[in-house]
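Notes to accompany the following structure.
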Amino acid sequence: MTSKVEMVSVVIPTLNEEDKILKAVYTIHNDLSYPKEIIVVDGNSTDGTKEIVQDLGYCKLIIEPRRGYGLALMTGMKNAKGNIIVMVDGDGTYEVRHINRMITKMIEKDADMVLATRMYDPNKAMGLMNFIGNKVITTFYDFFFSQFLSDTQSGFRAISHEAIDKVELNEGDMAYATEMLIQFAKEGYSMIEVPTTYKTRKYGRPKLRRFKSGIEIFSTMFRGFLDADTFRKCQENWKKTRFR
Ligand SMILES: Nc1nc2c(ncn2[C@@H]2O[C@H](COP(=O)(O)OP(=O)(O)OP(=O)(O)O)[C@@H](O)[C@H]2O)c(=O)[nH]1
Ligand SMILES: [Mg+2]
């Protein structure tokens, strides 16, 4: 439950996002109307990403040399001081202007997590393969863990710091995002979505390795599904919320 905003810690993983990072952090710095800190976790970029962030007075730069999206986020979150943590990519694809909307919704609904869903984006900017992959993963996730999410692969989330500290997360790469949702479903933490728009990547290369990530995400889901405790708790939580 998140009933008030003390501080928002925005955690941004970056790996060679020189062209887009400045606009992302600048928008957050200007638009986010709550007390905040912006933490960029860089994977030792070889373009100018690190230098751009370092030169800004309002961003904290952490270097995480180990490769992996999940590891970068874990490192950033360990250093976060806010009671709300926002995770978002630094590649200019997510509509970071919608950050206030997510926080407001979180407080209004007393939620543990708010995800920015890209599924109602009128521009349909998500690539076809990513869209299909996302749909398949999301259908399995909702079915296995008794949820009703539409975009489980969204990397733009506002999360209760207290809640995320209570769950154990081990996935070091892209499956981290799915593992988080499984653990939240298990603990009965409330997750809601807010529609947002999306842009296709205009700079640099995706770090998402589709095949590797797909295998890791499905392995994570099957492990969760086969774990009797997780399955039982998800069912119980579903019944509780359904008949509330
Ligand atoms: N520090 C760090 N950041 C990473 C790593 N891998 C990815 N990132 C960043 O994490 C964010 C998500 O990675 P993306 O490559 O955008 O993955 P994606 O959003 O699935 O792919 P696109 O559709 O191309 O945007 C981006 O801001 C990356 O720069 C990593 O190993 N270390
Ligand atoms: Mg991205």
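The values are calculated or read from the model by the stated rules, or taken from the named source; none is laboratory data. These numbers come from a predicted model, not from an experiment. Methodologically, a virtual Cβ is constructed for each residue, glycine included, from the backbone with ideal geometry; neighbour enumeration extends over all protein chains shown. Surface areas here come from the heavy atoms of the whole protein model, side chains and all, with no ligands, DNA or RNA. Shrake-Rupley method; radii C 1.70, N 1.55, O 1.52, S 1.80 Å.
If you go through the range 171-190, how many residues are away from ligand 1 (no atom under 16 Å from the Cβ) and open to solvent by 20 Å² or more (accessible area, probe 1.4 Å)?
Count: 6.
Select from the range 116-139 the residues that are touching a Phe, Trp or Tyr at 6+ places or on another chain (Cβ under 8 Å) and within 15 Å of ligand 2 (Cβ to nearest atom) and write down the one among them that is nearest to Ile38 (Cα to Cα).
Per the stated criteria, the residue is Ala116.
Scan the range 115-129 and tell me whether some residue there is more than 9 Å from ligand 1 (Cβ to nearest atom), hydrophobic (A, V, I, L, M, F, W, C) and part of a helix (DSSP H, G or I).
The answer is yes, given that some residue of the range 115-129 is more than 9 Å from ligand 1 (Cβ to nearest atom), hydrophobic (A, V, I, L, M, F, W, C) and part of a helix (DSSP H, G or I).
From Phe140, Phe144, which residue is more than 21 Å from Met77 (Cβ to Cβ) and surrounded by fewer than 18 Cβ atoms within 10 Å (Cβ to Cβ)?
Every option except Phe140 fails the conditions.
What is the residue count in the range 26-74 for residues that are under 30 Å from Ile217 (Cβ atoms), surrounded by fewer than 19 Cβ atoms within 10 Å (Cβ to Cβ) and hydroxyl-bearing (Ser, Thr, Tyr)?
2
Table: residues versus (1) within 16 Å of ligand 2 (Cβ to nearest atom); (2) modelled with pLDDT of 95 or more; (3) on the phi > 0 side of the Ramachandran plot; (4) of a type outside the set (Lys, Arg).
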{"site": "Val11", "(1), (2), (3), (4)": "yes, yes, no, yes"}
{"site": "Ser33", "(1), (2), (3), (4)": "no, no, no, yes"}
{"site": "Ile39", "(1), (2), (3), (4)": "no, yes, no, yes"}
{"site": "Ile52", "(1), (2), (3), (4)": "no, yes, no, yes"}
{"site": "Arg101", "(1), (2), (3), (4)": "no, yes, no, no"}
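If you go through the range 48-66, how many residues are without any contact (Cβ under 8 Å) to a residue 60 or more places away in the chain, part of a loop (DSSP other than H, G, I, E, B) and under 25 Å from Lys212 (Cα atoms)?
Counting residues in the range 48-66 that are without any contact (Cβ under 8 Å) to a residue 60 or more places away in the chain, part of a loop (DSSP other than H, G, I, E, B) and under 25 Å from Lys212 (Cα atoms) gives 2.
Scan the range 207-227 for residues that are in contact with a Ser or Thr (Cβ under 7 Å, 6 or more places away or on another chain) and either within 16 Å of ligand 2 (Cβ to nearest atom) or at positive phi (or both) and jot them down.
The one that is in contact with a Ser or Thr (Cβ under 7 Å, 6 or more places away or on another chain) and either within 16 Å of ligand 2 (Cβ to nearest atom) or at positive phi (or both): Ile217.
Do you know which of the residues in the range 1-25 that are more than 19 Å from the chain's Cα centre (by Cα) and within 18 Å of Ala80 (Cα to Cα) is surrounded by the most Cβ atoms within 10 Å (Cβ to Cβ)?
So the residue we want is Glu6.
For the range 81-101, how many residues are open to solvent by less than 10 Å² (accessible area, probe 1.4 Å) and closer than 17 Å to Ala163 by Cα?
Qualifying residue count, the range 81-101: 5.
Can you find a residue in the range 61-79 that is modelled with pLDDT of 95 or more, within 17 Å of the chain's Cα centre (by Cα) and among the basic types (Lys, Arg)?
Looking through the range 61-79, at least one residue is modelled with pLDDT of 95 or more, within 17 Å of the chain's Cα centre (by Cα) and among the basic types (Lys, Arg).
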